[in-house]
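To keep things clear, I will list the structure first and then write my remarks on it.
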Amino acid sequence: MKLLVSGGAGFIGSDFVRRMLAKHDDWEIVCFDKLTYAGNLDNLKVVADDPRYTFVHGDICDRAAVEAAAQGVDAIVNFAAETHVDRSIAEPEAFPADRHPGHAHAARDGARARHQAHGAGLHR
Ligand SMILES: NC(=O)c1ccc[n+]([C@@H]2O[C@H](COP(=O)([O-])OP(=O)(O)OC[C@H]3O[C@@H](n4cnc5c(N)ncnc54)[C@H](O)[C@@H]3O)[C@@H](O)[C@H]2O)c1
């Protein structure tokens, strides 16, 4: 199994990455994260040298970047989001951008990755 974990440098995403690599010897994980104020690669230090782990710096709102990073993955697990309530007051514009187009890219590319994994044709 190969996963792309978007928002994987955040609080919950990094725990998921660490746990899945510890639990499944044959899993590979691509962590895809914009590294906002909330993302922190220190959360992933323990897996940084693991050959099954790759980090890609990118924005889930960037369709091309998500597609490139999702090449060959079986599924996408998305944790990327603006999550801090204070930020929703100071910079509310960032929230709909992350919550809608970014999630739509992640969901669509995840579905496509799954479709490819089962050997079926692609339909846009
Ligand atoms: N923390 C909780 O207690 C909790 C509880 C329930 C649900 N959730 C949900 O789980 C998800 C993750 O929460 P969290 O606490 O880990 O958040 P977090 O803020 O710690 O992490 C979010 C991660 O997403 C990344 N990110 C933000 N925008 C991005 C973008 N456009 N492209 C790529 N990466 C981007 C950040 O850099 C960060 O690493 C959110 O949807 C949150 O609402 C969290």
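Any residue in region 27-45 that's basic (Lys, Arg): show its pairings with residues that are near the ligand (Cβ under 7 Å from one of its atoms) and in a loop (DSSP other than H, G, I, E, B) at Cβ separation under 6 Å, as long as the two are six or more apart or on different chains.
Matching pairs, first to second residue: Lys34/Asp59.
Val5 fails exactly one of the following numbered conditions: (1) closer than 21 Å to Glu67 by Cβ; (2) at pLDDT below 95. What is the number of that condition?
Every listed condition holds for Val5 apart from (2).
Among residues belonging to region 47-62 that are farther than 16 Å from Asp25 by Cβ and of a type in the set (Val, Ile, Thr), point out the one that is surrounded by the most Cβ atoms within 10 Å (Cβ to Cβ).
Restricting to residues being farther than 16 Å from Asp25 by Cβ and of a type in the set (Val, Ile, Thr), the top hit is Ile60.
Condition check ((1) in a helix (DSSP H, G or I); (2) closer than 19 Å to Ala70 by Cβ; (3) within 11 Å of the ligand (Cβ to nearest atom); (4) of a type in the set (D, E, K, R)) across all residues:
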| position | (1), (2), (3), (4) |
| --- | --- |
| Ala9 | no, yes, yes, no |
| Ile12 | yes, no, yes, no |
| Phe16 | yes, yes, yes, no |
| Arg19 | yes, no, no, yes |
| Asp42 | yes, no, no, yes |
| Lys45 | yes, no, no, yes |
| Pro51 | no, no, no, no |
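With the requirement that a residue be assigned to a loop (DSSP other than H, G, I, E, B), modelled with pLDDT of 95 or more and within 12 Å of the ligand (Cβ to nearest atom), what does region 63-81 give you? Spell out the reasoning first.
Of the residues in region 63-81, the ones assigned to a loop (DSSP other than H, G, I, E, B) are 70-74, 79-81.
Remaining after also requiring modelled with pLDDT of 95 or more: 70-74, 79-80.
Hits for region 63-81 are Phe79, Ala80.
Among the residues of region 30-40, count how many are in a loop (DSSP other than H, G, I, E, B) and either touching a helix residue (DSSP H, G or I) at 6+ places or on another chain (Cβ under 7 Å) or closer than 17 Å to Asn78 by Cβ (or both).
Keep residues of region 30-40 that are in a loop (DSSP other than H, G, I, E, B), which gives 34-40.
Filter again for either touching a helix residue (DSSP H, G or I) at 6+ places or on another chain (Cβ under 7 Å) or closer than 17 Å to Asn78 by Cβ (or both), leaving 34-36, 38-39.
Total satisfying the criteria: 5.
The values are calculated or read from the model by the stated rules, or taken from the named source; none is laboratory data. Computed from a prediction, not measured in an experiment: that's the story for all the values here. Using ideal geometry, Cβ is built from the backbone for each residue, glycine included, and neighbour counts are taken over all protein chains shown.
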